[in-house]
Amino acid sequence: MAELTKKQQRTIDYALDRLFSTRSFLEPQSIKDFAGNNALTRLLRLSGTRTILLTDAGLTYMRTIIVTINEADIFDGLTEYSDVWTAFHHILEDLLSRGMRPDNATELLDLVRERLSAEISNHTYAVPLFGVDMDGIDVVTLGSMKIVRSPVSYLESLGVKHDHADLPRTIEATKRYLWLIGFAKGTPRVAQEKFRELAFK
């Protein structure tokens, strides 16, 4: 995993100090405080049904932190900007709920790593192919992907859980098609995009 450069650490430290200040947050007094652009982006739900909003300054500092972490690519391409945004947003809500803040960029990065590492895994994809047929062949390997007649036995041999997708019923509805099986690592968004890129190569 990559690390933050000294410059990136200084950028995050500067933004952290300003984000965790009274100028960065607003306690809504009326529904009017929720009006305008980025209302949902500014919304922070804290414990005890408390709600606060990021001010323009707070939103700017939060974006600076997220952009810096994303550009550092600490997960070697296994996450994307929206993953970092979501992780940091949840971390911020949790810290504010507990009246805490990270001391510096290193401590914040540990929190982000912990949260995003739980989101990164190996994903298996199975999609039906249209207009393709195999005569007398059960499996064709195409690089890291395979074309199979039915993905159920193949996925089960890999230990892939598919109960939630009702795969047998889906396959029955598409039994005249072949299936493309592929794998990708990353957060769900990143892994799906990687699979899509491989499938269209």
Taking the options Thr22, Thr49, Thr41, Thr55, name whichever one is at pLDDT below 95, assigned by TED's automatic domain parsing to the domain that holds Gly99 and in contact with a Lys or Arg (Cβ under 8 Å, 6 or more places away or on another chain).
Thr55
When region 1-53 is checked residue by residue, the ones that are of a type in the set (S, T, N, Q), touching a residue at least 12 places away in the same chain (Cβ under 8 Å) and more than 17 Å from Met100 (Cβ to Cβ) are Thr5, Gln8, Gln9, Thr11, Asn38, Thr41, Thr51
Name, by its number, the condition in (1) farther than 28 Å from Pro188 by Cα; (2) at pLDDT below 95; (3) loosely packed, with under 13 Cβ neighbours inside 10 Å that does not hold for Asp17.
(2)
Across region 20-58, what is the total count of residues that are hydrophobic (A, V, I, L, M, F, W, C), within 27 Å of the chain's Cα centre (by Cα) and assigned to a loop (DSSP other than H, G, I, E, B)?
2
Selection from region 78-119 of residues that are in a loop (DSSP other than H, G, I, E, B), modelled with pLDDT of 95 or more and more than 23 Å from Leu43 (Cα to Cα):
Leu78, Thr79, Asp103, Asn104
Examine region 129-140 for a residue that is modelled with pLDDT of 80 or more and touching a Phe, Trp or Tyr at 6+ places or on another chain (Cβ under 8 Å), and state whether such a residue exists.
yes
Scan region 120-128 and tell me whether some residue there is surrounded by fewer than 17 Cβ atoms within 10 Å (Cβ to Cβ) and over 24 Å from the mean Cα position of the chain (by Cα).
yes
What are the residues in region 24-41 that are over 26 Å from Asp110 (Cβ atoms) and surrounded by 10 or more Cβ atoms within 10 Å (Cβ to Cβ), if any?
Leu26, Pro28, Asp33, Phe34, Asn38, Ala39
Before we move on, is Leu4 at pLDDT 90 or above, in a helix (DSSP H, G or I) and closer than 25 Å to Asn104 by Cβ?
no
If you scan region 60-75, which residues turn out to be hydrophobic (A, V, I, L, M, F, W, C) and either in a helix (DSSP H, G or I) or in the same structural domain as Lys194 (by TED's automatic domain parsing) (or both)?
Met62, Ile65, Ile66, Val67, Ile69, Ala72
Restricting to region 76-91, give me the number of residues that are farther than 18 Å from Glu3 by Cβ and either outside the structural domain of Leu44 (by TED's automatic domain parsing) or in contact with a Gly (Cβ under 7 Å, 6 or more places away or on another chain) (or both).
0
Would you be able to say whether some residue in region 100-108 is in contact with a strand residue (DSSP E or B) (Cβ under 6 Å, 6 or more places away or on another chain), in contact (Cβ under 8 Å) with a residue 24 or more places away in the chain and aliphatic (A, V, I, L, M)?
no
Would you pick out the residues in region 2-38 that are out of contact with any strand residue (DSSP E or B) (no Cβ under 8 Å at 6 or more places or on another chain) and hydrophobic (A, V, I, L, M, F, W, C)?
Ala2, Leu4, Ile12, Ala15, Leu16, Leu19, Phe20, Ile31, Ala35
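The values are calculated or read from the model by the stated rules, or taken from the named source; none is laboratory data. Keep in mind that this is a model prediction, so the values were computed, not measured. Positions of Cβ are backbone-derived with ideal geometry, glycine not excepted, and every protein chain shown enters the neighbour counts.
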